[in-house]
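Quick note: the coordinates plus some simple rules give every number you see, no bench work behind them. Note that this is a predicted model, so its numbers are computed, not measured. Every residue, glycine among them, receives a Cβ derived from its backbone with ideal geometry; neighbour counts consider all protein chains shown.
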């Protein structure tokens, strides 16, 4: 299969066949060494979180961040409701638009940080460098 994203480090025509999927250059692959799970996600701005807000963690089965984002959105909506004197349904929508900008910048980082807390590590050198460049990944310190 020819890589539609160019022939970079993840070229699928390599003789070793290390990468079986063509991955865009701004996506990173992480793997959980304990159970072998693999996750592939975009690094950088999350336009899906901007457009779909708290539904993005549901699409990714990321229940921890779903609950965190819902709690933040509820607190913002209640604060706006008390400040503006509008019903919660109105301020939830307003808060959703405001927080959409925050989720645009934060959600992908929140997703990867939570995966790292669950024991995931970058699957290859390209992913490790990409995550380190965006300050998502920091090498664990030796405990010796």
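Structure data summary
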| quantity | calculated |
| --- | --- |
| Residues of region 41-57 satisfying the condition of being over 12 Å from the mean Cα position of the chain (by Cα) and not in a loop (DSSP other than H, G, I, E, B) | 50, 51, 52, 55 |
| Those residues of region 54-66 which are closer than 18 Å to residue 97 by Cα and surrounded by fewer than 20 Cβ atoms within 10 Å (Cβ to Cβ), in sequence order | 55, 66 |
| Residues within region 72-91 that are closer than 18 Å to residue 53 by Cα and surrounded by fewer than 18 Cβ atoms within 10 Å (Cβ to Cβ), tallied | 7 |
| Residues of region 117-142 satisfying the condition of being in a loop (DSSP other than H, G, I, E, B) and surrounded by fewer than 17 Cβ atoms within 10 Å (Cβ to Cβ) | 118, 119, 134, 135, 138, 139, 140, 141, 142 |
| Residue match in region 42-61 (condition: in contact with a helix residue (DSSP H, G or I) (Cβ under 8 Å, 6 or more places away or on another chain), within 16 Å of residue 117 (Cα to Cα) and in contact (Cβ under 8 Å) with a residue 40 or more places away in the chain) | no |
| Verdict on residue 29 being farther than 19 Å from residue 134 by Cβ and not in a loop (DSSP other than H, G, I, E, B) | no |
